[in-house]
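Step one of this worksheet: look at the structure below.
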Amino acid sequence: MIGAAVSRTLGSRGLPWVAGLWLVVLALSPLYGDNYIVKIATFVALYGVLALSWNFIGGYAGYPSFATGAFVGLGAYAGAICQNAGVPMIVAWLLAAIIVAGVAAAMGPVILRLRGHYFAIGSISLVEIGSVLASNWSGLTGGGEGLNVRFLPGGPDFIARFFLYAMLVILVAALATTIAVDRGRLGFGLRCIAQNEDAAEMVGVPSTRYKIAAFVLSGVFCGAAGAAYASWVGYIAPADAFSILLTVKVPVMVLLGGAGSVLGPLIGSAALVLLEETVWARFLDYHQAILGAIIVALIFFLPGGLLGLRLRWRS
Amino acid sequence: MKPLLEVEKLSKHFGGVHAVRDVSFTIGSGEIVGLIGPNGAGKTTLVNLLTGVHRPSGGVVRFEGVDVTAQRPHEAARRGLARTFQIVQPFPRMTVLENVAAGALFAGQAGSRAEAERLAAGYLAAVGLDRESQRLAATLTLPSRKRLELAKSLAMRPKLLLLDEVNAGLNTSEIDGALALIRRIAASGITVVLIEHLMKVVLSLSQRVLVLHHGQLLASGAPEAVMRDPQVVEAYLGARFAARFAGGDAKSEASHG
Amino acid sequence: MSALYAQVLLNGLMLGALYACIAVGFSLVWGVLNVISMMHGSFVILAGYLTCAAFTGAGIHPFAALVPVALLLLLLGYFLQLGLINRVVSQPVLTTLTLTFGLDMILYNLMNVWFEATPRRVTLDLGRLEFGEVVLPLDRAAAMVLALAMTGLLYVILRGSRLGRAIVAVRMDRDAAALMGIRVPRVYAATFGLGAMMAGACGALLALVYPITTNVTGQLLGKAFIVCVIGGLGTVPGALAGGLVLGLVESFGGHWFGPQVAPLLGFALMLVLLAVKPTGLFGQRGYE
């Protein structure tokens, strides 16, 4: 919410400008960096998509969703299976997004009746269910062996750039949707739901429909990004695709940046990916422990997110 | 007088507890009706049944002739059936203006957020909260929160407004201010049901009074007549006082208590 | 045929006793502190590793190691809660769950470095009992009996001791308990400690029957979720019932539909229950 306040002070005209500048920095990475830098930029874009997606349900609607890993995993498998069945790559990504949106719309009415801890558990179990399904439905998913996805033909430079721009396109779509939601009826209604769901119903907010909309929005871009990721790395396995780590990391990114705002998820995801890259490079053995320590420190020292810091300095 | 709200044999039980039992009444368009009863009589449950918060166990609710028994709260709000909460329920991290704009946008006739905020400013002025419009709702005092609750309901452009204990927790001068406000609301053509246990408020405002006791409708009629009804007196003050009040035959009435 | 079903039933009960023991501490913490402890699976595995290390390193019998290992986990849990989790205990689930997940990442990583993630196991070979065609391996039987005994011990602690009564009081009404002079932060710490202790006892038993590896921490946590949803939150009898139901469902489901399907059934049951009856099959009662 502090993030939202900062967004307001930035003004509705300043907001797309800052986000746009950030997109340009990412898009120009092939000009100022090697393929490693481009890979990092692609990851920043990927996590930006996931963080913006989570923000619909977790930030605006205030529901502690841990379903991100399920959406990404489902998208990755759906895309890979479609592609291996001969569907052109980009069409496969679109199909993956539609499939994930459909599953989110079907699961939404069940798990969105839950609140608080029960919702958290229900959404996290979607990740486990996906992982168990992917491991055991060998005919379709290759089981524990995983699934190979046909590589895109072309040199490493071309592939690196292709997937950077693919992720950026998805990021732009997610960002545009976020801005539209933030300014529109849906965003306003979701904020009402986050602050007092009963009162929201009472002023006429159709809370069930709005929550399902937020849940579907939080799935659809994850589905596309998951499918694109599968095409990028060329191989997926159940535990990596349906990742509990991912499902918790993404909300952490949004909390880091400030939930319920447009810029918060972008800032948080970029900060954590860059931090992780620098940590990863140095302490491979303790990578996870350090990330864990960062999360713990974040909870204690940054309750309002990075955007909150600025506000505290000013006041 | 055209009936706006018709309630037929409405019942609600939670497990074995009958909170509301076989309650029937109608509210005419333009009326001001008081709904009274001792604490625990089932008043708030009844309001929850009328606005879709609880699904009735039996009976029918009709609003403007349409069966709305199974409606959800947001549907009630959009139909023009608004209510305030006994315990005020603002959106705490929104400004006062945004709180009221929510009512205008989701249940009222505002087509956009900008229009909703413009309308909201008007309703805030009407309840005397215009100077607080940019404050966060969580920082308001209790009387101001009650006004906010009213402004929010008005912004929903209700046909029927159910005011659940809007005066609870207010002091005498604050109550007088609230009463004047309710009179103005009623004068603007909105049908009002006052849910109260403060007799003074009900008697001074209502054209008609419904008395609820142990989940059942005990009496209904003009305020003075209802107040003289021995059953009503007994429900409020106990059997012994009622016996003295009515001059004797309390034994036969005790079965109501 | 009936012998086959008797065997499936027996396996289900043995599995269920372990699940109950795993979940009861998790359920206690969730019910009393309103915190979902993402560390619970790692606590179990940490205790398993310690038990294995005591066995292979010093020849300590797992039954003898159980008590010190459980006490060690009690201390770990107590101080984690007192020093860290207490600071955010009243915050929304997103915060507390994320914090315990961060702590779990640290513990998980350290275990991988210390114990090198290779599966270990204590093999005792206590022999087996045979009733006709039904086979009861005694190491499993011992684990089941001890698991039930530990679960019963927690019940006794909560019902009979001063601490137990304080925990029940805090669970029912934290503010009233504080007014009566109960030091709520200490009670929270003790509760989290007891939860970790139960995980510790379970881990020591688990080392007898399953290979101990960090790969399964998430699965163990998942079982604890499911048991809590089946049995309802925060009661020992609920966790016991939930554990047994899950054990039987997995055992019979595995028998009928194949072993791969078994883990799915638990989650499916959980989702259905969440949809129709979020307080669990047996409703929600106090922790007494």
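The values are calculated or read from the model by the stated rules, or taken from the named source; none is laboratory data. Source: prediction; values computed, not measured. Here the Cβ positions follow ideal geometry from the backbone for every residue, glycine too, while neighbour counts run over all protein chains shown. Side chains included, ligands, DNA and RNA excluded: accessible areas come from the protein's heavy atoms. Shrake-Rupley method; radii C 1.70, N 1.55, O 1.52, S 1.80 Å.
Looking at the stretch C:133-185, what helices (runs of 4 or more DSSP H) fall wholly within it and have at least 1 residues that are in contact (Cβ under 8 Å) with a residue 40 or more places away in the chain? Can you show your working first?
Working: elements: C:138-160, C:162-172, C:174-179.
Result: C:138-160, C:162-172.
In the condition set (1) touching an Asp or Glu at 6+ places or on another chain (Cβ under 6 Å); (2) of a type outside the set (D, E, K, R); (3) open to solvent by 70 Å² or more (accessible area, probe 1.4 Å), C:Leu71 is compliant with all but (1).
Against the condition under 30 Å from A:Ser243 (Cα atoms), in contact with a helix residue (DSSP H, G or I) (Cβ under 6 Å, 6 or more places away or on another chain), modelled with pLDDT of 85 or more and in a helix (DSSP H, G or I), how does C:Ile106 come out, does it pass? In short, yes.
Mind checking whether some residue in the stretch B:196-210 is closer than 17 Å to B:Thr84 by Cα and touching a helix residue (DSSP H, G or I) at 6+ places or on another chain (Cβ under 6 Å)?
The answer is yes, given that some residue of the stretch B:196-210 is closer than 17 Å to B:Thr84 by Cα and touching a helix residue (DSSP H, G or I) at 6+ places or on another chain (Cβ under 6 Å).
Please enumerate the residues belonging to the stretch A:140-169 that are among the hydroxyl-bearing types (Ser, Thr, Tyr) and open to solvent by less than 20 Å² (accessible area, probe 1.4 Å). Across the stretch A:140-169, the qualifying residue is only A:Thr141.
Scanning the stretch C:253-273 for residues that are part of a helix (DSSP H, G or I), open to solvent by less than 40 Å² (accessible area, probe 1.4 Å) and over 17 Å from C:Leu221 (Cα atoms) turns up C:Gly253, C:Gly254, C:Leu273. The residue that is nearest to the chain's Cα centre (by Cα), counting only those in the stretch B:71-94 that are more than 7 Å from every other protein chain (Cβ to nearest Cβ) and part of a helix (DSSP H, G or I), is B:Ala76.
One line per residue, one yes/no per condition, for (1) at pLDDT below 90; (2) within 18 Å of B:Leu194 (Cα to Cα); (3) within 14 Å of chain A (Cβ to nearest Cβ); (4) open to solvent by 20 Å² or more (accessible area, probe 1.4 Å):
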site	(1), (2), (3), (4)
B:Glu6	no, yes, no, yes
B:His13	yes, no, no, yes
B:Val60	no, no, no, yes
B:Asp67	no, no, no, yes
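The one condition from (1) outside the structural domain of B:Ser144 (by TED's automatic domain parsing); (2) touching a Pro at 6+ places or on another chain (Cβ under 6 Å) that B:Asn99 does not meet is (1).
Only one residue in A:Phe119, A:Phe56 is of a type outside the set (Lys, Arg), open to solvent by less than 10 Å² (accessible area, probe 1.4 Å) and within 16 Å of the chain's Cα centre (by Cα), so which one is that?
Going through A:Phe119, A:Phe56 in turn, just one is of a type outside the set (Lys, Arg), open to solvent by less than 10 Å² (accessible area, probe 1.4 Å) and within 16 Å of the chain's Cα centre (by Cα): A:Phe56.
Pairing residues of the stretch A:131-145 that are at the interface with another protein chain (Cβ under 7 Å from one of its Cβ atoms) with residues that are assigned to a loop (DSSP other than H, G, I, E, B) and of a type outside the set (D, E, K, R), at Cβ distances under 6 Å and at least 6 apart in sequence or on separate chains, gives A:Asn136/C:Gln260.
Report whether or not C:Val168 is farther than 30 Å from C:Leu4 by Cβ, open to solvent by 70 Å² or more (accessible area, probe 1.4 Å), of a type in the set (A, V, I, L, M, F, W, C) and touching a Gly at 6+ places or on another chain (Cβ under 9 Å). No, not satisfied.
Among the residues of the stretch A:276-300, which ones are aliphatic (A, V, I, L, M), farther than 20 Å from A:Ala41 by Cα and facing another protein chain (nearest Cβ under 7 Å)? Talk me through it step by step, then tell me what you get.
Narrowing the stretch A:276-300 to residues aliphatic (A, V, I, L, M): A:279, A:281, A:284, A:289-291, A:293-299.
Now drop any that are not farther than 20 Å from A:Ala41 by Cα, which leaves A:284, A:289-290, A:293-299.
Correct list: A:Ala289, A:Ala293, A:Ile295, A:Val296, A:Ile299.
Residues in the stretch A:243-271 that are within 14 Å of chain C (Cβ to nearest Cβ) and open to solvent by 10 Å² or more (accessible area, probe 1.4 Å): A:Ser243, A:Ile244, A:Leu245, A:Leu246, A:Lys249, A:Leu255, A:Leu256, A:Ala259. Exactly one residue out of C:Thr95, C:Thr56 is free of Cβ contacts under 8 Å to residues at least 12 places away in the same chain, surrounded by fewer than 23 Cβ atoms within 10 Å (Cβ to Cβ) and β-branched (Val, Ile, Thr), and it is C:Thr95.
So, restricting to helices (runs of 4 or more DSSP H) that lie completely within the stretch A:189-242, which ones have at least 2 residues that are facing chain B (nearest Cβ under 9 Å)?
So the answer is A:197-202, A:207-233.
Which one of A:Val127, A:Val100 is within 10 Å of chain C (Cβ to nearest Cβ), in contact (Cβ under 8 Å) with a residue 60 or more places away in the chain and open to solvent by less than 20 Å² (accessible area, probe 1.4 Å)? The conditions single out A:Val127. Taking the numbered list (1) of a type outside the set (Gly, Ala, Ser); (2) touching a helix residue (DSSP H, G or I) at 6+ places or on another chain (Cβ under 6 Å); (3) open to solvent by 10 Å² or more (accessible area, probe 1.4 Å); (4) over 29 Å from A:Ala297 (Cα atoms) in turn, A:Val205 passes all entries but (3).
Within the stretch C:120-131, does at least one residue satisfy the condition of being of a type in the set (Phe, Trp, Tyr), more than 8 Å from chain A (Cβ to nearest Cβ) and not in a helix (DSSP H, G or I)? Yes, some residue in the stretch C:120-131 is of a type in the set (Phe, Trp, Tyr), more than 8 Å from chain A (Cβ to nearest Cβ) and not in a helix (DSSP H, G or I).
If I filter the stretch C:245-252 for residues that are aromatic (Phe, Trp, Tyr) and over 24 Å from C:Asp104 (Cβ atoms), do I get at least one hit? Show your work before the answer.
Step one: filter the stretch C:245-252 for residues aromatic (Phe, Trp, Tyr), giving C:252.
In the following step, the residues that additionally are over 24 Å from C:Asp104 (Cβ atoms) were identified as C:252.
The answer is yes, given that some residue of the stretch C:245-252 is aromatic (Phe, Trp, Tyr) and over 24 Å from C:Asp104 (Cβ atoms).
Out of the helices (runs of 4 or more DSSP H) lying entirely within the stretch B:116-230, which hold 2 or more residues that are open to solvent by 50 Å² or more (accessible area, probe 1.4 Å) and small (Gly, Ala, Ser)? Quick ask: steps written out before the conclusion?
Numbers: elements: B:142-155, B:172-187, B:199-205, B:223-228.
Output list reads B:172-187.
The combined condition, being within 14 Å of chain A (Cβ to nearest Cβ), out of contact with any Lys or Arg (no Cβ under 6 Å at 6 or more places or on another chain) and of a type in the set (S, T, N, Q), is fulfilled by C:Thr96. The set of residues from the stretch B:105-115 being open to solvent by less than 50 Å² (accessible area, probe 1.4 Å) and either touching a Cys at 6+ places or on another chain (Cβ under 7 Å) or not in a loop (DSSP other than H, G, I, E, B) (or both) comprises B:Leu105, B:Phe106.
Report yes if C:Arg162 is open to solvent by 70 Å² or more (accessible area, probe 1.4 Å), basic (Lys, Arg) and modelled with pLDDT under 85, otherwise no.
Numbers: open to solvent by 70 Å² or more (accessible area, probe 1.4 Å): yes; basic (Lys, Arg): yes; modelled with pLDDT under 85: no.
It is false that C:Arg162 is open to solvent by 70 Å² or more (accessible area, probe 1.4 Å), basic (Lys, Arg) and modelled with pLDDT under 85.
Yes or no: B:Ala102 open to solvent by 40 Å² or more (accessible area, probe 1.4 Å) and aliphatic (A, V, I, L, M)?
Numbers: open to solvent by 40 Å² or more (accessible area, probe 1.4 Å): no; aliphatic (A, V, I, L, M): yes.
When the stated conditions are applied, B:Ala102 does not pass them.
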